[in-house]
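This report concerns only the one structure given below.
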Amino acid sequence: GGKVMAGEKYKDIVNVAHRGASGHAPEHTIISYKMGEKMHGDYIEMDLQMTKDGQLIVMHDEKVDRTTDGTGLVRDYTLQQIKQLDAGSWFNEKYPQHADPDYAGLQVPTLEEVFQTFGKNKNYYIETKSPEVYPGMEKELLRLINKYNINKETLLVQSFSAQSLHIMHELDPAIKLVQLLSYKSNAVITNEEMAAIKEYAMGVGPNYTYLNQEYVQKVIQSGLEIHPYTVNDKETMQRLIDWGVTGMFTNFPDLLAEVKKGK
Ligand code: G3P
Ligand code: CA
């Protein structure tokens with residue numbers, strides 16, 4: 001019946017745990033990533049920043065202020081200094097309903113630590129953030145991907161910067177890429193834009209806010225994947241799936257797992 005058909009259609013929807021299960025635990029911590037795994041996230045989403053001494057760490061902002069007890073730019077911190085920061089207590093204060101004493105004092109992980117913790121066959125969805133601020137970021141990312149022998153079949157690298165993706169593509173054409181897009185009003189994409197993106201990327205990641213069914217269908221028919229961000233309620237998840245998206249980013253992979261099961 002209809003339910004079974006729905007199940008078939010939904011099971012391939014890629015569930016991307018955005019900054020880990022960041023609705024439940026402090027974003028970009030090992031706990032948050034583990035929770036994403038447990039809540040049926042298919043991918044761990046990571047944002048990269050680079051320290052003063054050239055180490056890649058996982059953090060969304062260029063500044064440490066929002067997600068740690070420190071202040072200032074990541075690029076002005078050595079890794080050793082970053083490691084002194086508390087990356088969990090802010091979450092307990094901001095989200096008392098999700099607070100857990102275990103979150104206090106969590107450290108900012110390096111990309112290497114994430115690879116060491118989850119291994120070469122985990123699905124990683126890695127964003128080069130502010131690549132113009134960190135020349136050489138792509139090369140260092142690729143060095144670590146190769147050092148840890150990360151499975152490139154299930155690895156995705158994403159960026160808002162087409163230039164950063166071009167650099168990745170030049171360095172290693174085997175790395176699968178997703179072009180992030182940000183719309184401030186009704187989303188429109190031309191055939192020329194899609195053709196240009198297809199030269200290097202396998203998909204696009206637009207903000208879901210201004211999407212419409214026509215946009216989604218156009219992208220799908222071009223052969224590109226489409227993973228909108230960041231979708232945190234079941235009603236919107238359902239609507240996007242009905243429009244034909246192939247996956248999405250969410251802070252609540254548990255909710256998307258339920259929608260995929262028709263719950
Ligand atoms: O990477 C998808 C989505 O996370 C892009 O926006 O600002 O959350 O990195 P942002
Ligand atoms: Ca991101």
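Points to keep in mind about this one:
- Residue within the stretch 102-118 that is open to solvent by 50 Å² or more (accessible area, probe 1.4 Å), within 16 Å of ligand 2 (Cβ to nearest atom) and either more than 18 Å from residue 164 (Cα to Cα) or in a strand (DSSP E or B) (or both) present: no
- Residues (under 14 Å from residue 29 (Cα atoms) and not hydroxyl-bearing (Ser, Thr, Tyr)) located in the stretch 67-83: 82, 83
- Some residue of the stretch 33-48 being free of Cβ contacts under 8 Å to residues at least 60 places away in the same chain, among the aliphatic types (A, V, I, L, M), buried (at least 17 other Cβ atoms within 10 Å of the Cβ) and not in a loop (DSSP other than H, G, I, E, B): yes
- Any hit, the stretch 55-62, residues being open to solvent by 40 Å² or more (accessible area, probe 1.4 Å) and either in contact (Cβ under 8 Å) with a residue 60 or more places away in the chain or among the hydroxyl-bearing types (Ser, Thr, Tyr) (or both): yes
- Taken over the stretch 89-98, the criterion of being surrounded by 15 or more Cβ atoms within 10 Å (Cβ to Cβ) and farther than 16 Å from residue 251 by Cβ is satisfied by 89, 92.
- Subset tally (residues that are of a type outside the set (Gly, Ala, Ser), within 16 Å of ligand 1 (Cβ to nearest atom) and surrounded by 19 or more Cβ atoms within 10 Å (Cβ to Cβ)) for the stretch 231-258: 11
- Checking residue 23 against (1) in a loop (DSSP other than H, G, I, E, B); (2) open to solvent by less than 40 Å² (accessible area, probe 1.4 Å); (3) away from ligand 1 (no atom under 16 Å from the Cβ), the condition it does not meet: (3)
- Residue count for the stretch 58-91 under the criterion of being in a loop (DSSP other than H, G, I, E, B), within 16 Å of ligand 1 (Cβ to nearest atom) and in contact with an Asp or Glu (Cβ under 8 Å, 6 or more places away or on another chain): the result is 3.
- When restricted to residues that are of a type outside the set (A, V, I, L, M) and under 18 Å from residue 249 (Cα atoms), the stretch 117-160 contains 11.
- The one condition from (1) away from ligand 1 (no atom under 16 Å from the Cβ); (2) over 23 Å from residue 155 (Cβ atoms); (3) at pLDDT 95 or above that residue 9 does not meet is (3).
- Tallying residues that are more than 13 Å from ligand 1 (Cβ to nearest atom), open to solvent by less than 50 Å² (accessible area, probe 1.4 Å) and either modelled with pLDDT under 95 or within 13 Å of residue 13 (Cβ to Cβ) (or both) within the stretch 206-230 yields 1.
The values are calculated or read from the model by the stated rules, or taken from the named source; none is laboratory data. The structure presented is a predicted model; accordingly, all values stated were derived computationally and were not measured. Because the Cβ atoms are built from the backbone with ideal geometry, glycine has one as well, and the counts that use them run over all protein chains shown. Quick note on the areas: whole protein, heavy atoms, side chains included, nothing else; ligands and nucleic acids left out. Shrake-Rupley method; radii C 1.70, N 1.55, O 1.52, S 1.80 Å.
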